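Right, one structure below, let's go through it.
The values are calculated or read from the model by the stated rules, or taken from the named source; none is laboratory data. Being a predicted model, the structure only gives us computed values, none of them experimental. Cβ coordinates were reconstructed from backbone atoms using ideal geometry, including for glycine residues, and neighbour counts include every protein chain displayed. Remember, those area values only see protein heavy atoms, side chains included, never the ligands or the DNA or RNA. Shrake-Rupley method; radii C 1.70, N 1.55, O 1.52, S 1.80 Å.
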Amino acid sequence: MRQNLVFDADDTLWEKNVLFERAVESFIDHLAHPRLSREQVRSRLDEVEKVNCRIHGYGVDSFERSLAECLAELRDGRGVTDSDLAELRGACAPIREQRIELIDGVAETLRELSRRHELYLLTKGDRTEQTGKIEASGLSGLFTDVEIVAEKNPETYKWFVADRVLDPSHTWMIGNSPSSDVWPALNAGLNAVLVPHPQTWSLEMRGLPGQREDFREIGLFHELGEHF
């Protein structure tokens, strides 16, 4: 039966978080905190990012703001200089360049699946950034529709299928994030497929469902062709 396959973008279709992780490592090197370990610095940065994502959304601007705020907090009152800010801008520059590196098997698998099913793209983040990446990917023509949202929660998924008159029981959300792709889709009555990525953002991690008919986990993207 023809299915509606809804794909996440970042770290599902192309690499993203590896660029953020490199920027985080540069930030920790630059901070060179005399007492806190790298893990402790990263933990505090995660907390700052949680707050800023709720207030300012996702994307490189929000991320760079978090780096600056965390630097100011952990500098023990010494403040953030123009040189510091230039260092953070430099660390974030590769992210802003939006060079797209497709994950292995994505292009050919999407072309194969598009012959049998309806494909959609549903991604969250800054609209300008995400639009640029989608255009640069060369994949947009494979999708029936593309939607960029501020957050992916059960209400988002319910709206998405209702707006397009899709049958939730024949609609699958496919992505690398348990928190944004798997659980909210399942809670909205859709099905979900997890495609794990080794660099999935720590704030997107969450325990997975047990064995159930509406959830699948695969190892590599091209394995989707064996399921649909």
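Just a few scattered comments:
- Screening THR144 with (1) on the phi > 0 side of the Ramachandran plot; (2) polar (S, T, N, Q); (3) touching a strand residue (DSSP E or B) at 6+ places or on another chain (Cβ under 8 Å) gives one miss only, at (1).
- Residues located in the stretch 81-119, provided they are in contact with a strand residue (DSSP E or B) (Cβ under 7 Å, 6 or more places away or on another chain), open to solvent by 20 Å² or more (accessible area, probe 1.4 Å) and assigned to a loop (DSSP other than H, G, I, E, B): ILE100, GLU101, ILE103
- Number of residues in the stretch 141-200 that are under 17 Å from ASP214 (Cβ atoms) and open to solvent by 50 Å² or more (accessible area, probe 1.4 Å) equals 5.
- Taking each residue of the stretch 141-154 that is closer than 20 Å to VAL165 by Cβ and looking for partners that are assigned to a loop (DSSP other than H, G, I, E, B) and open to solvent by 50 Å² or more (accessible area, probe 1.4 Å) with beta-carbon atoms closer than 9 Å, six or more apart or interchain, yields nothing.
- Number of the condition not met by VAL48 [criteria: (1) open to solvent by 70 Å² or more (accessible area, probe 1.4 Å); (2) more than 17 Å from the chain's Cα centre (by Cα)]: (1)
- Identity of the residue in the stretch 97-141, touching a Ser or Thr at 6+ places or on another chain (Cβ under 9 Å) and acidic (Asp, Glu), that ends up nearest to HIS227 (Cα to Cα): GLU118
- Qualifying residue in the stretch 103-125 (condition: modelled with pLDDT under 90 and out of contact with any Cys (no Cβ under 8 Å at 6 or more places or on another chain)): yes
- Count of the stretch 162-206 residues which are in a loop (DSSP other than H, G, I, E, B) and not acidic (Asp, Glu): 17
- Lone unmet requirement of (1) surrounded by 22 or more Cβ atoms within 10 Å (Cβ to Cβ); (2) part of a helix (DSSP H, G or I) for LEU122: (2)
- Of all residues in the stretch 202-228 being over 18 Å from the mean Cα position of the chain (by Cα), surrounded by 12 or more Cβ atoms within 10 Å (Cβ to Cβ) and without any contact (Cβ under 8 Å) to a residue 60 or more places away in the chain, the one that is nearest to LEU45 (Cα to Cα): PRO209
- Test: residue in the stretch 156-172 that is within 17 Å of THR12 (Cα to Cα) and under 18 Å from the mean Cα position of the chain (by Cα): yes
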